[in-house]
C-alpha cells in the first residue's frame with residue numbers, strides 16, 4: 001500500500017515551458033489533496049525514458065497519468081501504449097490556431113489506445129486534474145465526499161451569480 005503522501009497522479013510534459021500553461025492541473029489536484037509528481041520527457045527526444053516511466057508507473061503506486069504536449073503532441077499516446085493506467089491528454093496551446101494542432105494530435109488515437117483528451121487551455125488543464133480526481137474517487141470515499149461538496153458549491157456559485165444579475169437588471 002502506498003504511503004499517504006505518495007503520488008497517485010503522474011504528470012508528464014514535453015517541455016518545461018508547458019508547465020505555466022498547464023499549472024491548473026496541479027492546482028486542481030492540490031485542491032482535493034491528491035499527491036502528484038511532475039516530469040519533463042519527450043515522446044520524440046526521450047522515447048525510452050517515456051517507455052520506462054509509463055511501464056513502471058503502476059508498480060510505483062501511480063493510479064492516473066496525465067500527459068501534456070503541444071504541436072505533434074504524441075506524448076499521451078506513447079504513454080498510453082506502455083501502461084494499463086488511465087491516461088488523460090492535455091493539448092498544450094501553440095501559435096497554430098491556439099493549439100488546434102495539439103488538440104487533433106492528442107485526440108486522434110488509434111483504436112485500442114485510449115486517451116481521454118481535455119480541451120486546450122487553462123480550462124482543459126483544470127479539467128484534467130478534476131477528471132483524475134473523479135477516477136481516483138471511484139475507490140476513495142473521502143474523495144467522493146469532496147467531489148460532492150465541490151459540485152454543490154458550483155451550483156451555489158452559479159445561483160449567486162444569477163441572483164446578482166437579476167438584481168442588476170432590476171436597477
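Taken together, the values in this text are just the output of simple stated rules run on the coordinates, not laboratory data. Please read these numbers as outputs of a predicted model, since none were measured by experiment. Using ideal geometry, Cβ is built from the backbone for each residue, glycine included, and neighbour counts are taken over all protein chains shown.
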Report task. Give the share of C-alpha pairs in each 10 angstrom bin for the range 1-94, from 0 to the last occupied bin, in whole percents, shortest bins first. Result -> 17, 53, 28, 2
Report summary line: Most exposed to least, judged by fewest other Cβ atoms within 10 Å, 15, 153, 105 sort to 153, 15, 105
Report task. Rank 37, 156, 48 by mean-square fluctuation in a GNM of the chain with C-alpha springs under 10 angstrom and give only the top-ranked residue. Result -> 156
Report task. Calculate, in nm to one decimal, what residue 19 and residue 112 gain on full extension: separation in residues at 0.36 nm each, minus their alpha carbon distance. Result -> 30.6 nm
Report task. Run the quick spin-label model on residue 153 and residue 167: label points 7 Å from Cα toward the beta carbon, then report their separation in nm to one decimal. Result -> 2.1
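Rounded, prolate or oblate: pick one for the chain, where a ≥ b ≥ c are the square roots of the eigenvalues of its C-alpha gyration tensor, a/c under 1.5 means rounded, and failing that, prolate if a/b is larger than b/c, else oblate.
It is oblate, given that a/c is not under 1.5 and a/b is not larger than b/c.
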Report task. Quick one: order 150, 32 by neighbouring beta-carbon count within 10 Å, fewest to most. Result -> 150, 32
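Extension gain residue 139-residue 37, at 0.36 nm per residue separation less the Cα-Cα distance, in nm? It would help to have the intermediate numbers written out before the result.
Working: separation 102, 0.36 × 102 = 36.72 nm, distance 2.02 nm.
Between residue 139 and residue 37, full extension yields 34.7 nm more.
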Requested in this report: Would you kindly state how much longer the chain becomes between residue 30 and residue 97 on full extension, computed as 0.36 nm times their sequence separation minus their alpha carbon distance, in nm to one decimal?
Outcome: 21.0 nm
Report summary line: By the C-alpha gyration tensor axes a ≥ b ≥ c (rounded if a/c is under 1.5, else prolate when a/b exceeds b/c, else oblate), the shape of the range 110-149 is oblate
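Please state the relative contact order of the chain as a whole percent: Cα pairs under 8 Å, 6+ residues apart? Before the final figure, lay out each step's value.
Details: 300 pairs, mean separation 37.5, N = 171.
Reported as a whole number, the value is 22 percent.
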**Report entry** Listed residues 149, 84, 46, most fluctuating in the chain (Gaussian network, C-alpha, under 10 Å)
**Finding:** 149
Report summary line: Of 25, 113, 92, the most mobile residue in a GNM of the chain (C-alpha springs, cutoff 10 Å) is 113
Query - Rounded if a/c under 1.5, otherwise prolate or oblate - the range 89-171, Cα gyration tensor axes - result: oblate
Requested in this report: Can you grab the distance from the C-alpha centre of the range 115-154 to the C-alpha centre of the range 23-59, Å, no decimals?
Outcome: 17
